[in-house]
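A short worksheet on the structure shown next.
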Amino acid sequence: MNRPIPTELWLICPRCHADCLDRQLAKNEYLRCARCGEEIKTPFVGRTIPVAWALSSTGLILMVLANIYPILSFSIAGNSQENMIFTGIAGLWLQGYGLLSVLVFFCVMAAPALYLVTVWYACAAWCLHRRWRGLPTVLTIAAFLESWNLVPVFAVACVVATVKLKTLGSVRWEVGAFWVLLDAIFILLTIQYFDRKKLILYVEEEHL
């Protein structure tokens, strides 16, 4: 005789409210609703919107610090110079690499900042239970900008550039490099913790 499955082993789909049997998930596995395909359970239980809100807030502060302090200084033949992110981009522009300078500006400054702002806006609306305008558009922009966050790549490029510059003169890391590294870490954590699907469901339920 088959025994009934205990009620605590059933999960309710947040989209179609169908009953789904819970089970243990292995790494990279996801439990989806058999009726509508909605993702119900993920092995990464730490993905929460309040955490993403805190991370994006910190990331925005770190981005400001990373852009107002010099990253490195180098001395060649007695001439010393300190470099910030923006001065490097301006240098590319003045040397005739206009398209490259625009691309670097977008990927290292504009896109990461806009991504953190959109994540902050969406998470704040959810955490504060606000019906803010434009939330669906904000989520779409955040999805587009996520793959353009190249601050971690920029941090690695700075290390490679330092190795090259050491063959020409003296190079020293400045405090801005520390902020760039921290900002890259917090951006990656924000991407990891940001649950866009949950916010999309929130938009649909609130008819925003």
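Set side by side, the residues TYR115, TYR202, TYR121 differ, and just one is at pLDDT below 90, aromatic (Phe, Trp, Tyr) and out of contact with any Gly (no Cβ under 7 Å at 6 or more places or on another chain), which is TYR202. When segment 38-66 is filtered for residues that are part of a loop (DSSP other than H, G, I, E, B), out of contact with any Pro (no Cβ under 8 Å at 6 or more places or on another chain) and modelled with pLDDT under 75, the ones remaining, listed by number, are THR42, PRO43, PHE44, VAL45, GLY46, ARG47.
If the condition is being in a helix (DSSP H, G or I), crowded, with 17+ Cβ neighbours inside 10 Å and not polar (S, T, N, Q), then segment 67-106 contributes ILE85, GLY88, ILE89, LEU92, VAL104, PHE105.
Residues checked against (1) among the hydroxyl-bearing types (Ser, Thr, Tyr); (2) out of contact with any helix residue (DSSP H, G or I) (no Cβ under 7 Å at 6 or more places or on another chain):
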{"residue": "LEU65", "(1), (2)": "no, no"}
{"residue": "TRP93", "(1), (2)": "no, no"}
{"residue": "TYR97", "(1), (2)": "yes, yes"}
{"residue": "SER101", "(1), (2)": "yes, no"}
{"residue": "TYR121", "(1), (2)": "yes, no"}
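Residue-level check: of (1) over 29 Å from MET84 (Cα atoms); (2) at pLDDT below 80; (3) in contact with a Ser or Thr (Cβ under 9 Å, 6 or more places away or on another chain), LEU139 misses just (2).
Right, VAL180: surrounded by fewer than 14 Cβ atoms within 10 Å (Cβ to Cβ) and either in the same structural domain as PHE74 (by TED's automatic domain parsing) or in a helix (DSSP H, G or I) (or both) or not? Taking the combined requirement at face value, the residue does not satisfy it.
Here the condition is being under 21 Å from the mean Cα position of the chain (by Cα) and either assigned by TED's automatic domain parsing to the domain that holds LEU168 or not small (Gly, Ala, Ser) (or both); of TYR121, TYR97, it holds for TYR121 alone. When GLU204 is tested against (1) among the acidic types (Asp, Glu); (2) surrounded by 15 or more Cβ atoms within 10 Å (Cβ to Cβ); (3) out of contact with any strand residue (DSSP E or B) (no Cβ under 7 Å at 6 or more places or on another chain), just one condition goes unmet, and that condition is (2). Every condition in (1) assigned to a helix (DSSP H, G or I); (2) among the basic types (Lys, Arg); (3) farther than 30 Å from GLN81 by Cα; (4) out of contact with any strand residue (DSSP E or B) (no Cβ under 8 Å at 6 or more places or on another chain) holds for LYS197 except the one numbered (4).
Look at TRP126 and say whether it is in contact (Cβ under 8 Å) with a residue 24 or more places away in the chain, under 17 Å from LEU201 (Cβ atoms), of a type in the set (Phe, Trp, Tyr) and in the same structural domain as ASP195 (by TED's automatic domain parsing).
Criteria met by TRP126.
The values are calculated or read from the model by the stated rules, or taken from the named source; none is laboratory data. Computed from a predicted model, the values in this text were never measured in an experiment. Methodologically, a virtual Cβ is constructed for each residue, glycine included, from the backbone with ideal geometry; neighbour enumeration extends over all protein chains shown.
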